[in-house]
Amino acid sequence: MSRTKSAKSSRQRRGLVNASALLFAISCFAQTKPIKETANIIFKTSGAPHAALLVVHDGKTYFEGHGKAKEDSLVRIGSISKVLNTSLMVKLVAQGKLKLEDQLQRYAPQGTSLPQPITLLQLATHTSGLPRSFNYKARWTSFPNTAPGTSALYSNLAFVLLAEAQAKATNTPYPQLLESQITKPLGLKDTTPSPTPSQCERLLSDPPCTTDFPLAGTASVYSTAHDMGIWLRHLIANKALHKTYIERESLKSVEGLDSGGQAVAIGLGWIQPKTTTRILEKTGGHEGFLTYIAFTPNGRTGVFAVITTMDLEASRRLAARVNELIEELNKK
């Protein structure tokens, strides 16, 4: 081959490499632009001092932080604790340690007789009839507001009892069970109901860290955007967590499940809102933090967002904007 032909071939190869690099850069910009725009909108409209947005899309992770938010900032994830609870339940079912159809009575304290039959599946889908608010000391004697299985009523109590049922089924305290089955195997190093002093130093808010084991199954777990990104990858890959069990149209009424968008179906703690792209989501709010997590079962996108405010309207705007972002990314 002559030097002229060799030089020409080399220039062609460089041209192809440069073209590929340009296309990659354009692709990255096309993805990061709506993510940055969404983070800015969330921060400006929430009025919160701090906000964070983590996106997993097509195998890549993107993080946007405002205020003092960093990827390893510790936050209270609130009711996202509920879907950690149900992820644990799915794992225990796979191990044969319990069944979705098990009666809650089977795991009740000795001498306790529940007034109506309630299954673990009904607890996990907010169809147990149990109330949202409750007296912890009287948690095993709270009567259903509605007949189990007929309506959906958002219930914090249901997930407290679900956590206790799993602890009874395995003879293991719930926090230890969550760690051994979920957080440790997945490498969620900062996801815990009992943060250490060094973890608390990274808390993205003024209130002190507190440990509340009784509510670990429903509201009191801490985590970081980094850990939630790892978990989102697990959620997207784990088909057992994608199933919805209850269709809205099959229920007499639905109360408290529409904060992330109108619920059309209910999974194990997860809600499917009315969107063009199928999304499963969960909202959270606890002691100064509002959170939102959502993912597409098609395996492309997952989002975790947190703002340091307790403005419920800001929570609804946050969920709506994240859902819009997911739909936008899935069109590309």
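The values are calculated or read from the model by the stated rules, or taken from the named source; none is laboratory data. What you see is a predicted model; the values in this text were computed from it and never measured. Please note: Cβ atoms are built from the backbone with ideal geometry, for glycine as well, and neighbour counts cover all protein chains shown.
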Restricting the range 181-201 to residues that are hydroxyl-bearing (Ser, Thr, Tyr) and in a helix (DSSP H, G or I), the one surrounded by the fewest Cβ atoms within 10 Å (Cβ to Cβ) turns out to be Ser198
Looking at Ala165, is it at pLDDT 95 or above, part of a helix (DSSP H, G or I), within 15 Å of Thr86 (Cα to Cα) and hydrophobic (A, V, I, L, M, F, W, C)? yes
Taking into account only those residues within the range 306-318 that are crowded, with 24+ Cβ neighbours inside 10 Å and within 21 Å of Leu235 (Cβ to Cβ), which is farthest from the chain's Cα centre (by Cα)? Leu318
Within the range 41-61, can you find the residues that are surrounded by 19 or more Cβ atoms within 10 Å (Cβ to Cβ) and in a strand (DSSP E or B)? Ala51, Ala52, Leu53, Leu54, Val55, Val56, His57
Kindly establish whether Thr218 is assigned to a loop (DSSP other than H, G, I, E, B) and farther than 26 Å from Leu74 by Cβ. no
Consider Ser250 against the criteria (1) more than 29 Å from Glu313 (Cα to Cα); (2) surrounded by fewer than 21 Cβ atoms within 10 Å (Cβ to Cβ): it satisfies all of them except one. Which criterion is unmet? (1)
How about the range 108-128: which of its residues are under 23 Å from Gly285 (Cβ atoms) and either at pLDDT below 95 or part of a loop (DSSP other than H, G, I, E, B) (or both)? Thr125, His126, Thr127, Ser128
Output for the range 239-274, where each listed residue is free of Cβ contacts under 8 Å to residues at least 24 places away in the same chain and either under 12 Å from the mean Cα position of the chain (by Cα) or assigned to a loop (DSSP other than H, G, I, E, B) (or both): Asp258, Gln262, Ile271, Lys274
Scan the range 157-180 residue by residue and report those that are under 24 Å from Thr210 (Cβ atoms) and surrounded by 21 or more Cβ atoms within 10 Å (Cβ to Cβ). Leu157, Ala158, Phe159, Val160, Leu161, Leu162, Ala163, Gln166, Tyr174, Leu177, Leu178
Of the conditions (1) charged (D, E, K, R); (2) modelled with pLDDT under 95; (3) closer than 24 Å to Ser220 by Cα, Glu255 satisfies every one except a single condition; which number is it? (2)
Is it true that some residue in the range 127-135 is touching a residue at least 60 places away in the same chain (Cβ under 8 Å) and exposed (fewer than 15 other Cβ atoms within 10 Å of the Cβ)? yes
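Residue-by-condition table, conditions (1) crowded, with 24+ Cβ neighbours inside 10 Å; (2) touching a Pro at 6+ places or on another chain (Cβ under 8 Å):
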| site | (1), (2) |
| --- | --- |
| Gly260 | yes, yes |
| Trp270 | yes, no |
| Glu287 | no, yes |
| Phe304 | yes, no |
